[in-house]
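Student: Handing you a structure now.
Since every read-out is calculated from the coordinates, none of them should be taken as a lab result. Given the structure is predicted, the values throughout are model-derived calculations rather than measurements. Cβ: placed from backbone, ideal geometry, glycine included. Neighbour counts: every protein chain shown.
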Amino acid sequence: MENLKVGGVHLHYYAVCKRKLWLYDRGITMEQESDRVLQGKILHEHAYPRLQQKELLIDDTFKIDAIDGEYIRETKISSKLANADRLQMLFYLYQMELRGIKKKGLLSYTKEKRTKELILDEDSKKEIKKAIAGAFSVLERETAPKVKKVPYCKSCAYYSFCYALEEDEE
Ligand code: SF4
């Protein structure tokens, strides 16, 4: 457990799919994943032109997009994975609070042109602690969690990997 580390992306994947979290943590990456990361990088480069401090690496553990006054900011393309985005932001707020820095969160969705504010209250603190413990228990597994069909699968970088056998059988 001591060697395990989780970051914001882990929490995002934890909310989306436990198998995805496990595969990602084991360094199993797919071609499209790189494209997605590149897409994210381009988005981030254009998201905060007036902010000098962009993408901060905290304690060599997790990266945040930007700090804007009392806010930690994250920009996403769409709100399709809003619950996972929320959990990821709560993780950052919680980690910052553990380091004595109290912030609020701002999640911006470029497609919908809307921004959502998030506050780390007692309930969300409990929720994020539980999710972190849950993510650790997934990472401790010797084998990947089984494929579980979710609507997101078709957009997932691991789709061909997870469904290769199924496609062969068709
Ligand atoms: S394709 Fe589906 S089951 Fe496989 S990692 Fe992605 S979301 Fe999870």
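Student: Please give the peptides 84-96, 123-135 ranked by average Cβ packing (other Cβ atoms within 10 Å per residue), highest first, as a rough proxy for protection. Intermediate values should be presented prior to the final figure.
Tutor: Numbers: 84-96: 23.2, 123-135: 15.2.
Listed from highest to lowest mean packing, they are 84-96, 123-135.
Student: Multiply the residue separation of residue 77 and residue 163 by 0.36 nm, subtract the distance between their alpha-carbon atoms, and state the gained length in nm to one decimal. Please report the intermediate quantities before stating the final value.
Tutor: Numbers: separation 86, 0.36 × 86 = 30.96 nm, distance 2.58 nm.
In short, 28.4 nm is gained.
Student: To continue, here is another question. What pairs from 103/146; 5/146; 20/125; 5/154; 63/129 go past 30 Å between their alpha carbons?
Tutor: Details: 103/146 37 Å; 5/146 22 Å; 20/125 24 Å; 5/154 28 Å; 63/129 19 Å.
The pairs that break the limit, which is 30 Å between Cα atoms, are 103/146.
Student: According to a simple spin-label model (label point 7 Å from Cα along Cα-to-Cβ), what is the distance in nm between residue 152 and residue 99?
Tutor: Inter-label distance under the simple model: 2.5 nm.
Student: In whole Hz, what ³J(HN,Hα) sequence does region 85-98 give by Karplus (6.51, -1.76, 1.60; θ = phi - 60°), x for Gly and Pro?
Tutor: Rounded to whole hertz, the list is 4, 4, 5, 4, 5, 4, 4, 5, 4, 5, 5, 5, 4, 4.
Student: Set the Förster distance to 25 Å, then compute FRET efficiency between residue 111 and residue 30 from the Cβ-Cβ distance, nearest 0.05. Show your work: numbers first, answer last.
Tutor: Working: r = 24 Å, r/R0 = 0.94.
The value I calculate is 0.60.
Student: Quick one: Karplus J couplings for region 135-140, per residue in order, coefficients 6.51, -1.76, 1.60, θ = phi - 60°, nearest Hz, x for Gly and Pro?
Tutor: Once θ is set to phi - 60°, the couplings for region 135-140 become 5, 4, 5, 5, 5, 6 Hz.
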